[in-house]
Amino acid sequence: MLNIKSLSVVCTSTSLLVLGINEIGSASSFNPTPVFDNVASYSTTITGDNNLADIYYPNPTDLKTSNYSFPVALLLQGALVDKSNYSNYAKQVARYGFVVVVPNSKRIAPIFGEALLPQTSQINTALQQIVVENKNVSSPIVGLLDTEKVGLLGHSLGSAVGLSAIGNLCLKPTLCPGSFSRPKQIVAGAFYGGGLRNENDVYLPINNDGIPVALLQGDRDGRALPFRASLTYDKIKNPPAALINIKGANHFSITNTNNPAGAIPDPINSTLNQDVAIETIARWSGLFLRASILNDKDAFNYVYYTGEAADSNVTVESKRVPESASTVAPLGILFTYFTITQLRKRINESKRHFKTNL
């Protein structure tokens, strides 16, 4: 039987945990809408591989007079999908305070011939180009970039490339025709409609070394099946990680139109309006990057705790979440490695244990 002191500890711990969860659940004052209203864009050439790229950036009225330093989000396209098909998504992510770089990756590959196919080498050439853009006095974004903080975004095959990069893998020949070593600038990744497996259908461990990773997945994706995202999610080695499922979205809910020209079509139609889907995917991507790169506490709590209840179009699994940056942190409640569901389970166990031994 527990002694009085032990019972007191159980009661106090349980009360604090209940208080913590209630405070997280009631944090409804946060507005998840974008930080910036206006976005501008321009096109350039990635000199390292001679591919074209579109660059989207926040464009507030005080852009040139204030001291902005925007992190970079590099979007890796899906196979056979031109960069222009991501303009709506890229604009919305940029509104969360990022310079979004969307390059084409044209290369020669078996079966496809010359085609738009993402690869790990384009990450390095894009990172080199953003340094050039940041120093070029004729560039619209000169002096506006934090080139040491880069988040990866990806769609379909681009997601596989991004995940392999974060895992510091070179998967030849499909994703990595040459050699690759993960650049130190990569500090986060959010990927839609993709997983990571080899040619033998084996899902590969993603040794992310603590780099935050989010997988966003449409539940009506007929190209990158939802169970593949779940199996990939299970292979992410280190926290934090999130699996964000979007109800009614298919494989091309991230692009301007469903089944864009040139792409292998998704046989399943989405039931979620295209504009709503793009906004949803961009919002969760943007807030995940803000939480991971900018240490935005409100964005962190939205992604890992409150956002699912506020958005009827998503369900979220966030295993192995690090200590919350929320207002309950001073209470000493450590959320490391536990989801809220797991916490509630432990609360109920504590209550039952208390009643049994009273």
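Computed quantities for the displayed model
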read-out: Of the criteria (1) in contact (Cβ under 8 Å) with a residue 60 or more places away in the chain; (2) of a type outside the set (Gly, Ala, Ser); (3) over 18 Å from Thr232 (Cα atoms), which one Leu152 fails; value: (3)
read-out: Those residues of segment 94-121 which are in a loop (DSSP other than H, G, I, E, B) and either of a type in the set (D, E, K, R) or at pLDDT 95 or above (or both), in sequence order; value: Arg95, Tyr96, Gly97, Phe98, Asn104, Ser105, Leu117, Pro118, Gln119, Thr120
read-out: Some residue of segment 177-194 being of a type in the set (S, T, N, Q) and crowded, with 24+ Cβ neighbours inside 10 Å; value: no
read-out: Close pairs from segment 214-239: first without any contact (Cβ under 8 Å) to a residue 24 or more places away in the chain, partner open to solvent by less than 40 Å² (accessible area, probe 1.4 Å), Cβ under 7 Å, at least 6 apart; value: Pro226/Gln217; Ser230/Leu243
read-out: Residue that is farthest from Arg95 (Cα to Cα) [pool: residues in segment 28-61 that are of a type in the set (D, E, K, R) and open to solvent by 50 Å² or more (accessible area, probe 1.4 Å)]; value: Asp49
read-out: Selected residue (only one of Thr61, Thr45 is at pLDDT 95 or above and under 30 Å from Ser105 (Cα atoms)); value: Thr45
read-out: Test result for Pro140, part of a loop (DSSP other than H, G, I, E, B), at pLDDT 95 or above and crowded, with 24+ Cβ neighbours inside 10 Å; value: no
read-out: Helices (runs of 4 or more DSSP H) enclosed by segment 216-314 - at least 3 residues per element that are buried (at least 17 other Cβ atoms within 10 Å of the Cβ); value: 226-233, 274-293, 297-301
read-out: Residues of segment 122-137 that turn out to be part of a loop (DSSP other than H, G, I, E, B) and farther than 19 Å from Asn51 by Cβ, as a count; value: 1
read-out: Unmet criterion (only one of (1) within 24 Å of the chain's Cα centre (by Cα); (2) assigned to a strand (DSSP E or B); (3) not charged (D, E, K, R)) for Ser87; value: (2)
read-out: Lone qualifier among Asp62, Asp49, Asp54 - being under 22 Å from Ala263 (Cβ atoms), of a type outside the set (Val, Ile, Thr) and either without any contact (Cβ under 8 Å) to a residue 40 or more places away in the chain or part of a strand (DSSP E or B) (or both); value: Asp54
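The values are calculated or read from the model by the stated rules, or taken from the named source; none is laboratory data. For clarity, every value in this text was computed on a predicted model and none was experimentally measured. Reconstructed Cβ throughout: ideal geometry from the backbone, glycine too, with neighbour counts over all protein chains shown. These accessible areas exclude ligands, DNA and RNA; they are computed on the full protein's heavy atoms, side chains included. Shrake-Rupley method; radii C 1.70, N 1.55, O 1.52, S 1.80 Å.
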